[in-house]
Amino acid sequence: MNAYKAYITIENPQKTVLSDLPFQPGQRVEVIILAVDNPRLSLVNEMQQLFKETQALHADTPMTDEEIAAEIEAYRRGE
């Protein structure tokens, strides 16, 4: 089995073009597409979701700057 690996970035998920392949015209090939995991991108998405959830906690009763400062100070004191 002759294997060929190439990395591309999907620009249009409706149509992806592979070019300059090392195969002969009429040659039968099997195409398998694997998404490359990007741990940094996953972490960014998780952080963004956490920020949204955190901001939604006090959406109905927003905290004042003084309350935020008091919580920070209490945390620093270990309370």
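The values are calculated or read from the model by the stated rules, or taken from the named source; none is laboratory data. Just so it is clear, the structure is predicted and the values come from calculations on it, not from any experiment. Counting neighbours? That spans all protein chains shown, and the Cβs are built from the backbone with ideal geometry, glycine included.
Computed quantities for the displayed model
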item	result
Residues (of a type in the set (D, E, K, R) and over 18 Å from the mean Cα position of the chain (by Cα)) located in the stretch 1-58	Lys5, Lys15, Asp20, Arg28, Glu30
Leu50 surrounded by 10 or more Cβ atoms within 10 Å (Cβ to Cβ) and over 30 Å from Glu71 (Cβ atoms)	no
Residue in the stretch 37-49 that is assigned to a loop (DSSP other than H, G, I, E, B) and either at pLDDT below 90 or in contact with a Leu (Cβ under 9 Å, 6 or more places away or on another chain) (or both) present	yes
Residue within the stretch 14-33 that is more than 30 Å from Met1 (Cα to Cα) and of a type in the set (Lys, Arg) present	no
Filtered residue count, the stretch 58-71, keeping only those that are part of a helix (DSSP H, G or I) and surrounded by 10 or more Cβ atoms within 10 Å (Cβ to Cβ)	5
